[in-house]
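Novice: Here you go, one structure.
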Amino acid sequence: MLRIIDQGLLSREPGRGAYMPSISQLSDGSLIACQHIGQELASADNDIEVLTTDDDGQTWQNQGSIHGGPPDDGWAYRGPYIYEVPDGRLVLTATRFENTDSALFDAHTEALQRPEMLLYWSEDRGATWSAPQVVPVDLPPEKYTWNGAGQMQQLSATRWMYPLETWKPEGYEGIPDQKAAAVFSADGGKTWGEFTPFADDPTGALLFWDQMNTRLPDGRIYVMLWTHRYGTSEDIANHWVMSADEGRTWSAPVATNLRGQVCCPIALADGRVAAIYNYRHDPQGVRIAVSEDLTNFDVDHGTVLFDAGVEATLGTTEHESFLAEHMLIGFGKPGGIRLADDTLLTWYWCTAGGITHTRWARLAVV
């Protein structure tokens, strides 16, 4: 079981939204966070900012945009995460989407704006950041888009795994060939290759979205996947896949007892896994539960971190597409890590009182 021992705000500011936060614990025990901000979850003004804390997360200081101000370069920036590398530098992953006259997702054609996966580097503990390094993916761009999904894993000092998911771009008229996959680096992020799918239904009937991963105490990589039936509004059970050889090969997807959409696993010290997930059934919110066998989660003794209430969805869409509806969600993208003291630090974005903002919670394993 898990028990909330502390919780608070990352940021809450009227007049703007804050989305997709993440928090990292550095080698000196300090915490650093990042998130994207903007008028909406996927609006053209999306921008990345970094936050720091001097009091173990009780209050956070906004360091401002990593771009030096709202970017006007034709891109919108989303979904950041910060990591510390062996030489003490920080690296930030994010995806940027090309701003066009179309929406991020075109509900009529199902096309996605063209994204790029990025790395930013900092040599001063996050005070300043380099220009973006684009991470290439060896797929034909006329058929595929690709964007980051889940945490980058530093499997060794040199072998890194950058997870991604695919979709289809504007102009491609076929069914999207959706894959949960990753590219790998053999030189600590300098160059990238070795494209490897984790989960891919060749019939196109099942979509494996928003993969989120953790590394188990024995070194295996455990990935949870939001699993959806293409062309419907039906989420089926979240699935998991596993790699025992640093991402070179993967097990077949296995169904869990969760229907949680975005679902982030957190490896516990004793080999169990906690999963923090979006629950989009009544009553909607953010929940967390523990599994002893990596498949069956104890939802009866789970913990509710956020009750969305009437602000689970922000508005309605005239289009019946599930993805169009998903652009109007009022909470989401939960994540978490196990800290050095074996407590869990979790985070998510949500809407309350009409203000979309970011929160954190610390939990004890009992």
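Novice: Kindly indicate whether any position in segment 115-124 is part of a loop (DSSP other than H, G, I, E, B), within 29 Å of ILE32 (Cα to Cα) and among the charged types (D, E, K, R).
Specialist: Yes, because at least one residue in segment 115-124 is part of a loop (DSSP other than H, G, I, E, B), within 29 Å of ILE32 (Cα to Cα) and among the charged types (D, E, K, R).
Listed here are the residues, each with its yes/no results for (1) touching a strand residue (DSSP E or B) at 6+ places or on another chain (Cβ under 9 Å); (2) assigned to a loop (DSSP other than H, G, I, E, B); (3) open to solvent by less than 20 Å² (accessible area, probe 1.4 Å).
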| residue | (1), (2), (3) |
| --- | --- |
| GLN178 | yes, yes, yes |
| PRO197 | yes, no, no |
| ASP201 | yes, yes, no |
| TYR222 | yes, no, yes |
| TRP226 | yes, no, yes |
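Novice: On the basis of being touching a strand residue (DSSP E or B) at 6+ places or on another chain (Cβ under 9 Å), exposed (fewer than 15 other Cβ atoms within 10 Å of the Cβ) and farther than 22 Å from SER27 by Cα, does PRO163 make the cut?
Specialist: Spelling it out, it is not the case that PRO163 is touching a strand residue (DSSP E or B) at 6+ places or on another chain (Cβ under 9 Å), exposed (fewer than 15 other Cβ atoms within 10 Å of the Cβ) and farther than 22 Å from SER27 by Cα.
Novice: If a residue must be open to solvent by less than 60 Å² (accessible area, probe 1.4 Å) and assigned to a strand (DSSP E or B), how many such residues does segment 182-194 contain?
Specialist: Within segment 182-194, residues that are open to solvent by less than 60 Å² (accessible area, probe 1.4 Å) and assigned to a strand (DSSP E or B) number 5.
Novice: Answer yes or no: is there a residue in segment 295-302 that is of a type in the set (Phe, Trp, Tyr) and modelled with pLDDT under 95.
Specialist: Within segment 295-302, not a single residue is of a type in the set (Phe, Trp, Tyr) and modelled with pLDDT under 95.
Novice: I would also like to ask the following. Could you check segment 126-152 and list, in sequence order, the residues that are under 23 Å from HIS108 (Cα atoms), part of a strand (DSSP E or B) and either at pLDDT below 95 or open to solvent by 30 Å² or more (accessible area, probe 1.4 Å) (or both)?
Specialist: TRP146
Novice: Okay, next question. Out of all the residues in segment 280-306, which are in a strand (DSSP E or B), of a type outside the set (Gly, Ala, Ser) and under 20 Å from the mean Cα position of the chain (by Cα)?
Specialist: VAL286, ARG287, ILE288, VAL290, VAL304, LEU305, PHE306
Novice: Another question about this same structure. Let me confirm something: among GLN25, GLN35, which residue is under 25 Å from THR313 (Cβ atoms) and either among the polar types (S, T, N, Q) or touching a Cys at 6+ places or on another chain (Cβ under 8 Å) (or both)?
Specialist: Going through GLN25, GLN35 in turn, just one is under 25 Å from THR313 (Cβ atoms) and either among the polar types (S, T, N, Q) or touching a Cys at 6+ places or on another chain (Cβ under 8 Å) (or both): GLN35.
Novice: I'd like to check something: does segment 316-339 contain any residue that is open to solvent by 50 Å² or more (accessible area, probe 1.4 Å) and modelled with pLDDT of 95 or more?
Specialist: yes
Novice: Quick check on my filter: what residues within segment 163-186 are farther than 17 Å from PHE198 by Cβ and either basic (Lys, Arg) or within 17 Å of the chain's Cα centre (by Cα) (or both)?
Specialist: Residue satisfying the conditions is LYS168 alone.
Novice: Can I ask one more? Looking at LEU155 and the list (1) open to solvent by 10 Å² or more (accessible area, probe 1.4 Å); (2) at pLDDT 95 or above; (3) of a type in the set (A, V, I, L, M, F, W, C); (4) touching a Pro at 6+ places or on another chain (Cβ under 9 Å), which single condition is not satisfied?
Specialist: It is condition (4) that LEU155 fails.
Novice: So, in segment 251-279, exactly how many residues are free of Cβ contacts under 8 Å to residues at least 40 places away in the same chain, open to solvent by less than 30 Å² (accessible area, probe 1.4 Å) and not in a loop (DSSP other than H, G, I, E, B)?
Specialist: Residues flagged as free of Cβ contacts under 8 Å to residues at least 40 places away in the same chain, open to solvent by less than 30 Å² (accessible area, probe 1.4 Å) and not in a loop (DSSP other than H, G, I, E, B) within segment 251-279 amount to 0.
Novice: May I ask you to list the residues in segment 108-125 that are open to solvent by 20 Å² or more (accessible area, probe 1.4 Å), of a type in the set (A, V, I, L, M, F, W, C) and under 24 Å from LYS143 (Cα atoms)?
Specialist: LEU112
Novice: All but one of (1) part of a loop (DSSP other than H, G, I, E, B); (2) open to solvent by less than 40 Å² (accessible area, probe 1.4 Å); (3) acidic (Asp, Glu) hold for GLU49; which doesn't?
Specialist: It fails just one condition, (1).
Novice: Let me ask something else. Taking the options GLY8, GLY64, GLY29, GLY57, name whichever one is in contact (Cβ under 8 Å) with a residue 24 or more places away in the chain and in a strand (DSSP E or B).
Specialist: Just one listed residue meets the conditions, GLY8.
Novice: I'm checking my understanding of the structure. Among residues of segment 73-84 that are open to solvent by 10 Å² or more (accessible area, probe 1.4 Å) and not charged (D, E, K, R), which one is nearest to GLY188 (Cα to Cα)?
Specialist: Checking each candidate, the answer is TYR83.
Novice: Which numbered condition in (1) at pLDDT 95 or above; (2) open to solvent by less than 30 Å² (accessible area, probe 1.4 Å); (3) closer than 25 Å to ARG96 by Cα is the only one that ASN62 fails?
Specialist: For ASN62, the failing item is (2).
Novice: I would also like to ask the following. Name the residues in segment 231-250 that are over 23 Å from THR346 (Cα atoms), modelled with pLDDT of 95 or more and surrounded by 15 or more Cβ atoms within 10 Å (Cβ to Cβ), would you?
Specialist: SER243, GLU246, GLY247, TRP250
Novice: Continuing with the same structure: Of (1) modelled with pLDDT of 95 or more; (2) β-branched (Val, Ile, Thr); (3) under 18 Å from the mean Cα position of the chain (by Cα); (4) under 27 Å from ARG16 (Cα atoms), ILE355 satisfies all except one. Which?
Specialist: Of (1) modelled with pLDDT of 95 or more; (2) β-branched (Val, Ile, Thr); (3) under 18 Å from the mean Cα position of the chain (by Cα); (4) under 27 Å from ARG16 (Cα atoms), only one is false for ILE355: (3).
The values are calculated or read from the model by the stated rules, or taken from the named source; none is laboratory data. Worth saying up front: this structure is predicted, and the values here are computed from it rather than measured. Positions of Cβ are backbone-derived with ideal geometry, glycine not excepted, and every protein chain shown enters the neighbour counts. For accessibility, only protein heavy atoms count, side chains too; no ligands or nucleic acids. Shrake-Rupley method; radii C 1.70, N 1.55, O 1.52, S 1.80 Å.
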